[in-house]
């Protein structure tokens, strides 16, 4: 593959005329083109600054998810948008949002246009998962039970449990700082540099077990750091473009492990456990991209990237259970894990005539996992084996993948209104250490596009048939999978899809849209596993300027996803339905001095699950969101904005609702409950445009 | 790595190159070059245009001077060269007063309601913008669906909405209503909160990867923010390494965290070993620990892989 791409490079290098900034015409006399009426020089800086207060009426983690508006009370609202353009070509753009919230962002870009560009930004993202969790544990990477803890075979016997529970909120927060620079040596040649540092701190829930029957869900710490640095050089000529880039990224975990005490008295002699946190890893990638316009209507484009992912963190001990006096030894002290990736795409696009276009593409994605294989003798969940039983062992399985795909496509424009496209793809997917060594799939598709007067129409049909080699159990996996199981990513499958999109604009003030799609996956040879999966969706949308000052937008979308899967002697059905209705009204009054808007969003989902003919209660999420807002133009440059958002959210989830920390005898949970809230959010702010 | 069968490539690249040569020969005869007589340019460039197109005009255009396109100090910008006519073409005829009763001569204009062909409109933008982000425009879905650059971009606006975090999704949702609905679901990436843009995962100007992803593959795109999941782990979970989308709905789901369906059924689509993985867990199960709370993840919490020497069962 690499050789083949290199064959093309001499062809690419044959033409190196730098890209023209614009269509040039040597005969144009521009001596009188003074641009003396061009605005811009007299107003160098523009800024739009908004500040105010918001008030949230109730506490809710779910409402505050991704926004930081999770607690009842007042919040500072601060946003700014500014830009400057100067005579010598220097400029800056500033964008600042949510400065008073935990979801704040500020970014500045500047430089001298056509010479250099610099940017720096800071972005904060709160992810709030639950504020209803409770635990008897304290600590971070080492979690202890309270002094005097009474263990028992089941949660019912843990007599100190209820008195020792404390609230623990589950959340993480990302903080990302990015800097970048681009230098334009000539109109064609430029260089890019970038660096990004991100931290993600907080906690998350994790189920951690002992033996095969007991487990506890803990709030475990999250303390990640990552760094990404990249450099690149780009050359953009008239007929060809090329770029070479190198990226290195490093992930660091400040928690090597989580260690916790067993709240159960079982299994015997198992007082404590330790689990590994995600190990540190490092990735490097070198990418070459290029495109060459062979003629005005034939374009060759290619991407080739080679990456290396490494992980070699020191192993934790096989067990920390001191009752296991002579634990087995490790075959090595760290994994020396290494995956080489090769990604290549080659695309040839040819305009044969004004009406006919052909396209061919070859894709290859490969993950070559060269991690050494060894036999690991292990201790299951820090639990001593039964007397006389040997320690189990397993060889690690460094999975490798290679996907090769060839695509051919024909586009034929019947006339300005109608266009037909069709294509055929063929894919071979190779895997190692899995049940199917190779699958192959061919796909056929057709697309009809029409733009007739005020109607836009798209119809698309897809058919795909995937077949695999013999399905064989993986010898190293014990106990083995059922021989009838067909994993759905490797199973034989026939896929049919159909899609219809219709856009109608009968008036300049009215746009109507309708989209519908159907997808049906049939896993025809799977007697155990996923057998059928269907998805259907439709949406209707409307944008209408009812009267000149009153505009309306509306959307209704429905998605149904159902599937059937089977065990050896049972079957299960999933039927999910998701509805979204969105309505927006904007009314401009008093010659645009006063704008009043109203938004309403209704999002509902319901999931029905039947296992062996027994139906579960319906899983539901339902959100009503009403927003009314207005802005009044006090003067040419100043505005007062007021807004009120009311949101009602309710969720029904039988997997956790009503489940207390000790409801399940063998699992000590966090007792998280589904969120539900009614919240009002008032805002008032003042905006000034400098 | 070693494979049971060393397959040949579906077709060799060399064949593609030869095919390309043949296509060039074909199209040379088939496509006649357009020979248009070039109309003349205005006498004073932008100053001619601004005689009419000032801020009080029906179609005010002057905000372009507060954008990068309007910066005359950048030799790459249209205003540094042929000014308005760099994009709109020679406007000499258009600037002339028409005879009484005659229509003003048309100028090259952009949008769906103009006579300018799609290829010509996009070609003008690509004259300057065919760079490392747009070099494969023709290979992308948006090009194949006859999209115009100006369907999404407002060139004259001081702040092009599609380039702003708050407004970008509105532009994308004009066509992608299903994706808009997906981002309203209960478990989502933070797009509807304005904390994530479509372009963080998709290069809408055309890539050679699936669904216009910014990474070479879906996983490489996901790993840009979720590096902790890329391993390599001692005990890897094969589908994780293959495709995040086997278990997750990347835009949004009703099943937290963006899962295609609930455990244990999600897991039981692949796991059928004797004992608990193969049993049905209905509402009347006597073994709720396999169903309630975190279900399979009550014990097997390391579903993305474990680096613990005893983490074979993804419990450590």
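Computed values, structure above
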| quantity | calculated |
| --- | --- |
| Shielding score for A:377-383, defined as the mean number of other chain Cβ atoms within 10 Å | 4 |
| Relative contact order (%) - criterion: Cα under 8 Å, at least six apart; region: the stretch A:592-641 | 42 percent |
| Per-residue mean of C-beta atoms belonging to partner chains within 10 Å, peptide A:611-619 | 4 |
| Normalised per residue, the volume of the convex hull around the Cα set of the protein assembly as shown (Å³) | 169 Å³ |
| Ranked by how many other beta carbons lie within 10 Å on average, peptides A:113-123, A:277-287 from highest | A:277-287, A:113-123 |
| Overall dimensions of the stretch A:221-378 as given by Cα atoms, namely Rg and Dmax in Å | 24.9, 80 |
| Rounded FRET efficiency, nearest 0.05, which uses the C-beta distance separating residue A:252 from residue B:103 and R0 of 51 Å | 0.15 |
| Viscosity 0.692 mPa s, temperature 37 °C, Stokes-Einstein D of the stretch B:173-228 from Kirkwood C-alpha radius, µm²/s | 268 µm²/s |
| Kirkwood hydrodynamic radius (C-alpha pairs) into Stokes-Einstein, chain B, 4 °C and 1.567 mPa s, D in µm²/s | 52 µm²/s |
| Shielding score for A:673-681, defined as the mean number of other chain Cβ atoms within 10 Å | 0 |
| Contour excess over end-to-end distance, with Cα ends at residue A:147 and residue A:120 and 0.36 nm allotted per residue | 4.8 nm |
| Net length gained if the chain between residue A:612 and residue A:475 were fully extended (0.36 nm per residue, minus Cα distance) | 46.3 nm |
| Estimated [θ] at 222 nm from DSSP helical runs (n ≥ 4, -39500 (n - 2.57)) normalised by residues in chain A, nearest 500 | -500 deg cm²/dmol |
| Of every Cα-Cα pair in the stretch A:196-295, the percent that sits beyond 23 Å | 55 percent |
| Gaussian network model of chain B, Cα within-10 Å springs - most flexible of B:269, B:180, B:168 | B:269 |
| All Cα pairs of the stretch A:438-543, percent lying beyond 20 Å | 56 percent |
| Computed E for residue B:55/residue A:308 - FRET, C-beta separation, R0 41 angstrom, nearest 0.05 | 0.15 |
| Spherically averaged projected area of the stretch A:308-448 from its Cα convex hull (nm²) | 12.8 nm² |
| Volume per residue that the Cα convex hull of the stretch A:123-232 spans, once the total is divided by residue count, Å³ | 136 Å³ |
| For a label point 7 Å along the Cα-to-beta-carbon line of residue A:467, residues of the stretch A:433-447 with backbone N under 20 Å | A:435-445 |
| Segments B:74-86, B:203-215, A:584-596 sorted - mean Cβ within 10 Å per residue, highest first | B:74-86, B:203-215, A:584-596 |
| For q = 0.14 Å⁻¹, Debye-computed log10 I/I(0) when each Cα of the stretch A:528-687 counts as one equal scatterer | -0.90 |
| Label-to-label distance, nm, for residues given as residue A:593 and residue B:120 (7 Å Cα→Cβ offset) | 4.6 nm |
| P(r), alpha carbons of the stretch A:343-418 - 10 Å bins starting at zero, rounded % | 14, 22, 17, 13, 11, 10, 8, 4, 0 |
| Virtual spin-label span in nm between residue B:284 and residue A:296, 7 Å along Cα→Cβ | 7.6 nm |
| Length added when fully stretched, residue A:326-residue A:55, from 0.36 nm per residue minus Cα-Cα | 91.5 nm |
| Inter-label distance for residue A:414 and residue A:389, nm, one decimal - labels placed 7 Å from Cα along Cα-to-Cβ | 7.0 nm |
| Tail fraction, Cα-Cα pairs, the stretch B:101-259, threshold 26 Å, whole percent | 39 percent |
| Set of the stretch A:44-59 residues, backbone N closer than 16 Å to the point 7 Å along the Cα-Cβ line of residue A:106 | A:48-52 |
| Relative contact order for chain A, counting Cα pairs under 8 Å that sit 6 or more residues apart, in percent | 9 percent |
| Helix-only CD estimate at 222 nm, as mean residue ellipticity for chain B, using -39500 (n - 2.57) per DSSP H run (n ≥ 4) | -6000 deg cm²/dmol |
| Overall Cα dimensions of the stretch B:219-267, principal axis frame, Å, largest first | 29, 22, 14 |
| Shape call, the stretch B:46-152: gyration tensor on alpha carbons, a/c limit 1.5 | oblate |
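Bear in mind these aren't lab numbers, they're just calculated from the coordinates by the rules spelled out. Nothing here was measured: the structure is a model prediction, and the numbers come from that model. Here the Cβ is made from the backbone with ideal geometry for all residues, glycine too, and neighbour counts use every protein chain on show.
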